[in-house]
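Student: Quick one: the structure is below, and I'll ask about it shortly.
FYI, it's all coordinate maths here, none of it is from the lab. What you are looking at is a predicted structure, and each value in this text was computed from that prediction instead of being measured. Counting neighbours? That spans all protein chains shown, and the Cβs are built from the backbone with ideal geometry, glycine included.
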Amino acid sequence: MRPWREGPGDRRGYHHGNLKEALIEAARRFIAERGIGGFTLVDAARLVGVTPAALYRHFRGREALLEEVAGRGFADLADRLARALTGRGTPLERFTRMGEAYLAFAEEEPGYYAAIFEVRGQAAPAPAPDRPNPFDLLLEALRATFPDGFDGVDPRFLALEVWALSHGIATLSAAGQLPKPGPDKYELLRAGVLALVHGAGGRAKDKL
């Protein structure tokens, strides 16, 4: 991995107050290329061109840096899902775009995606007060798309199943484990959601 910047501009960026953002971006890049365990604070410091001691002005340790990356990723995911949910089209079209947005996020932002789900020993990052929670967005989309409900099945359970399905497909896709030839990940997600909805209640069977 190439240094973040080269020359005296590194330290000028730090003195201008950019070190925290540079460290977050460095960690995101390391996670994307090497995984959660693939870098140390020394590596991050070297990438942005500062001494390891300077990092502790912004983060109490490696775990705090990882938590910040996970929080940023969680916020990015929420923003993408919110845009899909509030866009044009029918409730079904918006619900479908949410699934596409989730899979696209996992592919385009592997560092953020891994941090969200692999930071150990921590609760799921809490969204900022002005940002919705991705799970709440999914639940809202399900209720709007299937207003007749699911024959008594709590939509929260179905929302969890849809999220688990989406996460599984994204993970298999990233690992190159989806069968080939075969349907792409977007087709697999749509088919999987259809199967879940069918199992949840007859009134939702013909919606997808």
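Student: Let me know the charge dipole size of the range 44-166 about its Cα centre in debye, to the nearest 20, where only the beta-carbon of Lys, Arg (+1) and Asp, Glu (-1) is charged. List each step's numbers first, then the result.
Tutor: Values: 14 positive and 18 negative charges, 112 e Å.
Its charge dipole is roughly 540 debye.
Student: Based on the alpha-carbon gyration tensor of the range 127-189 and its eigenvalue square roots a ≥ b ≥ c, which shape applies: rounded if a/c is under 1.5, prolate if not and a/b is larger than b/c, or oblate? Mind dumping the intermediate values first?
Tutor: Working: a/c = 2.81, a/b = 1.54, b/c = 1.82.
Oblate.
Student: Rounding to the nearest 20 debye, state how big the charge dipole of the range 34-109 is about its Cα centre with +1 on each Lys and Arg Cβ and -1 on each Asp and Glu Cβ. Let's see the in-between values first.
Tutor: On the way: 11 positive and 11 negative charges, 37 e Å.
In total the dipole reaches around 180 debye.
Student: Now for a separate question. What is the range 63-188's relative contact order, in percent, from Cα pairs under 8 angstrom and six or more apart in sequence?
Tutor: Details: 113 pairs, mean separation 37.5, N = 126.
So the answer I get is 30 percent.
Student: What is the range 46-187 by shape, rounded, prolate or oblate, if you read a ≥ b ≥ c off the alpha carbon gyration tensor as root eigenvalues and call it rounded for a/c under 1.5, prolate for a/b larger than b/c, and oblate otherwise?
Tutor: Here the range 46-187 falls in the prolate category.
Student: Go ahead and collect, in residue order, the members of the range 57-90 whose backbone nitrogen is under 16 Å from a label point 7 Å along the Cα-Cβ direction of HIS167.
Tutor: Output list for this probe position: 70-71, 73-75, 77-78.
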